[in-house]
Amino acid sequence: MDQAGFHKLRLAVQENAHPADSQHARALKRTVETALEGSGLFAEVELGRTDDVDRLVIGVCRCAEDVLPWEAGMGMERVWATAVVDARWEAHTVVCTDSIMEFEGAFTVDDRGSYVTLQLVAEPPLALAPQESGATGNGVVNGAGATGTSR
């Protein structure tokens, strides 16, 4: 599903229902966090909770070495399918470029339409810092360091 279609569908659900109890968001956070950490797709995984109905669970990840954002997106779709297997309804979207993967999902937990939403962003692996020409040393190249995600 494309991102605009997902947002339209999520809004329709939100207008006719309410966020699920926080226990559902906590359970989704734990399930997704555990699956992502064990997947081998990510070098860093950080998930949290918010009160924003569009992203009750949020996450920022860094792809593991040799994992491209689109590969992380495919892996996230598999994680999502497992996490929402008992959902009454679900929808999601994945957008990937060379420099970022963004996953958004929503699902309902009961017949009243109580919902949980997720937004996850993954950056590519850290690039190795280029060695300065003419530099001497032991040949070890340090990583570029952590960067924040800006939107």
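Computed from the coordinates by the stated procedures, all read-outs in this text should not be read as laboratory data. Keep in mind that what you see is a predicted model, and the values were worked out from it rather than measured. Cβ: placed from backbone, ideal geometry, glycine included. Neighbour counts: every protein chain shown.
Just a few scattered comments:
- Computed over region 28-107, the Cα gyration tensor eigenvalues convert (square root of 5λ each) into semi-axes of 20, 13, 13 Å, ordered from largest to smallest.
- The slack in the chain from residue 7 to residue 77, taken as 0.36 nm per residue of separation less the alpha-carbon distance, amounts to 23.5 nm.
- With a Förster radius of 22 Å applied to the C-beta separation of residue 50 and residue 98, the computed FRET efficiency comes to 0.20.
- Applying 0.36 nm per residue to the separation of residue 14 and residue 31 and subtracting their alpha-carbon distance, the gain on full extension is 3.8 nm.
- Efficiency of FRET between residue 21 and residue 64 - r from beta-carbon atoms, R0 30 angstrom, step 0.05: 0.35
- Once C-alpha pairs closer than 8 Å and six or more residues apart are averaged by separation and normalised to the residue number of region 67-124, the relative contact order reads 34 percent.
- Long-range amide H partners of residue 64 with built H, under 5 Å: 42, 43
- Taking N as its residue count, the alpha carbon Rg of region 15-74 over 2.2 N^0.38 Å: 1.28
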